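Readers should treat all values here as calculations from the given coordinates under stated rules, not as data from a laboratory. Everything numeric here is computed off the predicted structure, so don't read it as measured data. Virtual Cβ from ideal backbone geometry, glycine too; neighbours counted across all protein chains shown.
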Amino acid sequence: MLYKYIDFLDIKAIMFFHEVMPDLSFIAPFWRHKLFWIPLYVFLLVWISRRYGIWKGVEALIISLIVVGVSDFISAQVLKPVFQRLRPCHVDWLVQHIHVLVPCGAGYSFPSAHATNHVALAYVLSHYLPKWASVLLYLWAISIGIMQVYVGVHFFSDVLVGFLLGFLIAFVMFRIAKYVINLYLNWGYGHR
């Protein structure tokens with residue numbers, strides 16, 4: 001019963017996105033693509049390295065890779081096969097009412113790996129940035145999740161759960177990675 005209600009709300013939400021939002025078809029496919037943001041990733045890592053030193057930049061890079069790797073694995077390889085929810089662009093009657101702006105993909109939709117990974121990355125990098133930049137980074141991650149709905153490859157609940165999952169995974173993995181790095185550095189200095 002709850003699942004049908006969530007589906008109903010998801011249909012309403014995706015229809016809202018396609019009927020009410022302004023035409024973003026010129027930017028949405030790029031905005032949600034991870035390669036589009038490589039200059040931002042590089043800029044942030046360079047900024048962290050220049051501000052706090054090269055080792056903090058390396059630490060931010062290593063922790064980012066670990067956290068995003070774990071979040072991607074859990075969302076795409078563990079949870080999507082469990083839930084096996086079709087993407088909106090694979091629902092025949094719905095495709096007639098939405099704009100599918102990117103290739104649909106063969107995988108499942110729940111949860112959104114894009115949303116999971118970008119919120120996880122925002123969480124990690126927010127520990128190395130000023131508060132105002134962290135807020136912008138979270139808004140950036142949220143905008144990417146919204147674009148996933150806009151281009152027709154995810155339902156709103158896919159993205160919402162992806163945000164929550166990404167935050168939870170990053171919260172746990174950031175602490176574990178930071179602990180292991182500090183343990184390694186302290187052990188390394190103690191045995192010289």
>> For the range 143-160, give me each residue that is in contact with a Phe, Trp or Tyr (Cβ under 7 Å, 6 or more places away or on another chain) and free of Cβ contacts under 8 Å to residues at least 60 places away in the same chain.
In response: G145
>> Looking only at the range 10-52, count every residue that is of a type in the set (G, A, S), more than 19 Å from V68 (Cβ to Cβ) and part of a helix (DSSP H, G or I) and tell me the total.
In response: 2
>> Let me confirm something: among V151, V100, which residue is under 21 Å from F30 (Cβ atoms), of a type outside the set (K, R) and more than 19 Å from the chain's Cα centre (by Cα)?
In response: V100
> (1) in contact (Cβ under 8 Å) with a residue 12 or more places away in the chain; (2) closer than 21 Å to I169 by Cα: which one isn't true of G69, the others all being true?
Replying inline: (1)
> Is it true that I6 is in contact with a Ser or Thr (Cβ under 8 Å, 6 or more places away or on another chain) and in a helix (DSSP H, G or I)?
Replying inline: yes
>> Going by what's in this entry, would L79 be described as touching a residue at least 60 places away in the same chain (Cβ under 8 Å) and either under 30 Å from Y179 (Cβ atoms) or of a type in the set (A, V, I, L, M, F, W, C) (or both)?
In response: yes
>> Of everything in the range 1-58, what is touching a Leu at 6+ places or on another chain (Cβ under 6 Å) and β-branched (V, I, T)? Give them in sequence order.
In response: none
>> Out of the residues in the range 21-59 meeting the condition of being without any contact (Cβ under 8 Å) to a residue 12 or more places away in the chain and of a type in the set (G, A, S), tell me which one is nearest to H154 (Cα to Cα).
In response: S49
> Out of A115, A141, which single residue is small (G, A, S) and within 25 Å of Y5 (Cβ to Cβ)?
Replying inline: A115
